[in-house]
Structures are given as structure tokens and as C-alpha cells.
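All remarks here apply to the structure that follows.
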Amino acid sequence: MSLPTLHAHHRRLGANGPLVSPLGLGTVKFGRDQGVKYPSGFTIPSDEEARMLLRQAHGLGINLLDTAPAYGVSEERLGPLLRGQRDEWVIVSKVGEEFVGGQSSFDFSAAHTRLSVERSLKRLETDRIDLVLVHSDGQDLRILQEEGVYETLAELKREGKLLGFGFSGKTVEGGLLALERGDCAMVTYNLNERAERPVIDHALSHGKGILVKKALASGHACLAGQDPVRASFQLLFGEPGVTSAIVGTINPVHLAHNVATAAAVIAGR
């Protein structure tokens, strides 16, 4: 009996974006084990373990990868791991947050935004990034209204170095403003946190993409008497404005279970 996959369930990221799987693979655990908010500790996978996980994800119909400069060495590792496969993946990276020496810092200036994207292109060994999101520090409106990050991302898009840009924020107001000029918003939406739903609804009515972070509440999703993964995916994929949920896992069993559950929920089973 073959395992359920997501190949038949790819959807467009906004009106003009790429076709992506309804689950994306988050790769923070490929590159960083400090300052993370997971319920249990983990060991960063070896190159061979990471390569096998990527192969498994691809075989299960996942084509969306989420990374960031703030994810430690995630980008540097993905570059070599994806050699010869670039056209098979939709890569999302970010700008704005740096993580050095166990500490986060933020820079949303035009100069740093350009430097960050150019650096990500080198690390990922690619000539373009499919989607670049602003990694907000929570001051969403200030970043969008007072910093040069969005204008610079628009320039980089015109130059072909990125194919789309958007905002990974923390407020409804920021998400709505970001969608006025951006292609996509990344929002927190799960069984415990639903405040950003207006951003999802706005994106749907304006042909913009929505990626969901913390879909399983960073591994904390819990629901008495029910499979929390299934309940989470029923919530997410019951929203027509949600394009894809980013789930970070380095456990092959969890990955297979997530895909099988998502495929069943989307198919109405």
C-alpha cells in the first residue's frame, strides 16, 4: 500500500506565485539549536540525515522549504544539499533578523536588506530566491513605514534576484499593510492563536499568498482526546485563504504522519 502524498494538492501561492505544497518544511533545526522554543531538545542532523529528510519530503510531495539567516547555518547547509535539485524546490528565506553568538539582532535598512539577500543567494547557491519575507521584531508598522526594507525588496524583485516578497509579522495591522505592496504574508495561526485571521481573509480577497508559521504551536499543540495534528490541519485547511503551513521537523516518522494527516484532511477523509 502506497503512502499518502501531497503531489495532487499543490496550490498557487497568491494569484501569480509558484505552485507549492500545502505543507512546507521548516529548516530551523538544520542550523540552530540555541534560543528555540520547542518542548524538547534535539540534535542538529548530520548532512546525510538532512539529505535523507529532504529526499523523503520531496517524495511525499513537499516542494516548499523555509529558511532564514536567523536559522544559524541552515542556508549554508541547504546550498550544497540541494545541488542539482534547485528547480524542484520553492525556497523561502528572510531578511531583517540575524542570529550570532546565541543572540538575535535586527536591521531593516536598505543596505542590510540588499547585503542579506545577496548573501543568501551565495549561501543557497542559487541565482534567485522564490520568496523573501521580512523577519519582523514585532514592530510591524514601524518597519514598514520607516525602514527601507520593502522598497529594497521591490528593487531586488525587479532585478530578478527574488521572485516575490512579503512579511512575517506579529500583528494584524502589520499583516494588512504588508499585503498592500507585498505578495505574501506569514502569520501565526493554530489551535491556540487565531488573532491574525483577518490577514488570511484579506489575502484571499486580494489574491495574495498566506504561509502559516507555528501551525502546531511549535510542537506544543495539545487537544484532549484528539490527534492534535489532525485538529490543527482541519483548522488550517478549512481556511481557503491559507496556502501552506510551514512545519519544522527533523523526525522522519513525524514528517510522514504530518503529510498523511494533511492529505487526508484536504481530501475530506
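All of the numbers you see were taken from the coordinates with simple rules; none came from a lab. Worth saying up front: this structure is predicted, and the values here are computed from it rather than measured. Note that each Cβ is placed from the backbone with ideal geometry, even for glycine, and that neighbours are counted across all protein chains shown.
If you go through the stretch 17-28 and pick out every residue that is part of a loop (DSSP other than H, G, I, E, B) and either within 20 Å of G207 (Cβ to Cβ) or of a type in the set (D, E, K, R) (or both), you end up with 4. Kindly indicate the residue of the stretch 109-129 that is part of a helix (DSSP H, G or I) and in contact with a Lys or Arg (Cβ under 7 Å, 6 or more places away or on another chain) and also farthest from V95 (Cα to Cα) among those meeting that condition. If we take residues in the stretch 109-129 being part of a helix (DSSP H, G or I) and in contact with a Lys or Arg (Cβ under 7 Å, 6 or more places away or on another chain), then L121 is farthest from V95 (Cα to Cα). Kindly establish whether G14 is within 23 Å of L131 (Cβ to Cβ), in contact with a Phe, Trp or Tyr (Cβ under 8 Å, 6 or more places away or on another chain), assigned to a loop (DSSP other than H, G, I, E, B) and not acidic (D, E). Answer is no for this residue. Could you list, in sequence order, all residues of the stretch 124-152 that are closer than 17 Å to P18 by Cβ and in contact (Cβ under 8 Å) with a residue 40 or more places away in the chain? Scanning the stretch 124-152 gives L124, T126, D130, L131, V132, L133.
Considering only the stretch 32-64, how many residues are part of a loop (DSSP other than H, G, I, E, B) and charged (D, E, K, R)? I'd like the intermediate steps shown before the answer.
Taking the stretch 32-64 as the starting set, the residues that turn out to be part of a loop (DSSP other than H, G, I, E, B) are 32-46, 60-63.
Within this subset, residues satisfying the condition of being charged (D, E, K, R) are 32-33, 37.
Number of matching residues: 3.
Across the stretch 114-124, which residue is nearest to the chain's Cα centre (by Cα) among those that are over 24 Å from Q34 (Cα atoms) and not charged (D, E, K, R)? Restricting to residues being over 24 Å from Q34 (Cα atoms) and not charged (D, E, K, R), the top hit is L121. Count, please, the residues in the stretch 242-260 that happen to be within 15 Å of H10 (Cα to Cα) and surrounded by fewer than 20 Cβ atoms within 10 Å (Cβ to Cβ). Selection size over the stretch 242-260: 1.
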